[in-house]
Amino acid sequence: MSQNTLSITDNRTGKKYEIPIEHGTINAMQLRQIKVSDDDFGLMSYDPGFKNTASCKSTITFIDGEKGILLYRGYPIEQIAEKSTFLETAYLIINGELPTKSQFEEWTYHITHHTMLHENVKKFMEGFRYDAHPMGIFISTVAALSTFYPDARNIHDPESRKLQTYRLIGKVPTIAAAAYRHSMGLPYVYPDNDLSYAGNFLNMLFKMTELKYEPNPILERALDVLFILHADHEQNCSTSTMRVVGSSHADPYVAVAAAASALFGPLHGGANEQVLRMLNEIGSKDKVGAYIKRVKEGEVLLMGFGHRVYKNYDPRARIIKRIADEVFEVTGRNPLLDIALELERIALEDEYFVKRKLYPNVDFYSGIIYQAMGFPVEFYPVLFAIGRTVGWIAQWLELLEDSEQKIARPRQIYLGEKMRDFIPLEKRS
Ligand code: SDX
């Protein structure tokens, strides 16, 4: 008997099955042979929330949740955050290898020259209320780009995929900055191609009447590292959404908009906004204990804590905590940090959190930095989306090049009514 198989006995029929094990998984379609009769549909697996289901094979990002390890194409996140830049990391995540000098120069040139938006996009944005949530503006505008670039529907054309990759990475900061300027009632700022990716983003956000915006190098680097930390995270909710929409062969703009919609949820990328609201609600260190009590009574969640995969400290949270000190050197210390540190201290000692392996995740400290840098709390999920657009694109490209992938169409366990005849209105009691 081969070692790499699962021996199954169906006690309903006494039949035995040998199911191959590959990469620590069984192919769910192998279950369909397990039947009680010839007209039986066969077994399926049931996995709400996909807690134990691999949806694809990928070579992009590896996470070891128990050990708190995160690798982009095999490189530890700690080394990339320290030694790389966001655009170089974007190249690595999308192309699989670190770029040579000439490859990086070409990559940077193309992205830099796709930062402009069609002037009609400004008119489109004017339609939003002054207080529209910037994530709503971001999602809608990214989707609208689908109408400006109908060539994006040629998803089987590698050159078209490459062009949309440049356009999306180049334009998401411009869209994000325009959403911010719209909410502040300020004129839009055009991209400055002399600046870095993060520097130009700060320029489009905060340039006022000066002739040339000069980003603070510490804030510029902090933002660049934050983009790196948010770039990809294997099959999270929003990336899975990108793959599901991409599997129907929709264009990458509507797929990214769908992914960003999933990211907006407070259990996912919207958590960074909710963390700040939670810290402001707590208000002071001495009230942390009362809030923890409410969490343990199941009344509220400790936003920014817990993770489907990490059952250890999220390595990104550790790096973000370090960035906070550098940013506060420039902006001044954010007093909310003291509340966050007290929350973490108590939670890491408390049996409720220890038993459930709840640790700070990427969203717990990022919002404190964003607030210190002057971003409104509603803008935090947009900042997450800018970095994650790279991961969404990389996973979309991998999906399209994977011959095993098909349109995503799960099944269900039907517990509804059996077939019955229609009852005319006059006969209904
Ligand atoms: C991101 O998947 C990714 O990779 C996501 C992400 C990425 O980079 O893409 O890392 C980004 O989304 C980070 C997560 C941001 N969300 C939050 O911080 C919101 C708060 N966290 C929780 O909602 C929760 O931890 C999730 C959604 C993150 C994970 O939920 P799971 O895996 O479905 O776990 P669960 O809800 O089944 O929780 C297990 C237990 C439950 O208690 P019991 O029913 O066993 O008694 O832990 C409890 C939960 O109630 N629990 C929490 C909690 N998180 C889980 N209790 C209090 N506060 C929390 N934050």
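No lab work stands behind these numbers, since they all come straight from the coordinates. Note that the coordinates shown come from a computational prediction; the quantities given were computed from them, not determined experimentally. Glycine gets a Cβ as well: all are built from the backbone with ideal geometry, and neighbour counts include every protein chain shown.
Numerical summary
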{"read-out": "Most fluctuating residue given options S284, S146, S247, as computed from a GNM of the chain linking Cα atoms under 10 Å", "value": "S284"}
{"read-out": "Net charge of Cβ neighbours under 11 Å - reference A317; Lys, Arg +1; Asp, Glu -1", "value": "+1"}
{"read-out": "The stretch 185-261: trypsin sites (Lys or Arg not before Pro) falling in loop per DSSP and having at most 13 other Cβ within 10 Å", "value": "K212"}
{"read-out": "Amide H contacts under 5 Å for K311, placed H, 5+ residues apart", "value": "E66, G68"}
{"read-out": "Above-threshold pairs, the threshold being 18 Å between Cα atoms, out of K35/K406; K15/K35; K67/K355", "value": "K35/K406"}
{"read-out": "Residue with peak Gaussian network fluctuation, the chain [Cα springs, cutoff 10 Å], from P173, P150, P134", "value": "P150"}
{"read-out": "Rh (Kirkwood; distinct C-alpha pairs) - the stretch 81-139, Å", "value": "14.2 Å"}
{"read-out": "Full-stretch length increase - F62, R333 - with 0.36 nm per residue and alpha-carbon distance subtracted", "value": "94.2 nm"}
{"read-out": "Kyte-Doolittle mean at least 0.5 and Cα axial length at least 27 Å: DSSP H helices in the chain", "value": "380-400"}
{"read-out": "Alpha-carbon centroids, the stretch 172-250 and the stretch 346-416: separation in whole Å", "value": "18 Å"}
{"read-out": "15 Å beta-carbon shell around G136, net charge (K/R +1, D/E -1)", "value": "-3"}
{"read-out": "Label-to-label distance, nm, for residues given as N4 and D157 (7 Å Cα→Cβ offset)", "value": "4.0 nm"}
{"read-out": "Radius of gyration and maximum dimension Dmax of the stretch 62-410, Cα, Å", "value": "19.7, 59"}
{"read-out": "Gaussian network model of the chain, Cα within-10 Å springs - most flexible of Q164, Q103, Q412", "value": "Q412"}
{"read-out": "Where N is the number of residues in the stretch 54-178, Cα Rg divided by 2.2 N^0.38 Å", "value": "1.25"}
{"read-out": "Estimated distance in nm for a label pair at K357 and E401, the labels positioned 7 Å out from Cα along Cα-to-Cβ", "value": "3.2 nm"}
{"read-out": "Using a Förster distance of 56 Å, the FRET efficiency for F104-E299 (Cβ separation, nearest 0.05)", "value": "0.65"}
{"read-out": "Computed FRET value (nearest 0.05) for S429 with Y46, which takes r as the C-beta separation and R₀ as 56 Å", "value": "0.95"}
{"read-out": "Two-site label geometry, K123 and R318: point separation in nm, points 7 Å out along Cα→Cβ", "value": "5.3 nm"}
{"read-out": "Cβ-based net charge around I60, under 10 Å, with every Lys or Arg adding one and every Asp or Glu removing one", "value": "-2"}
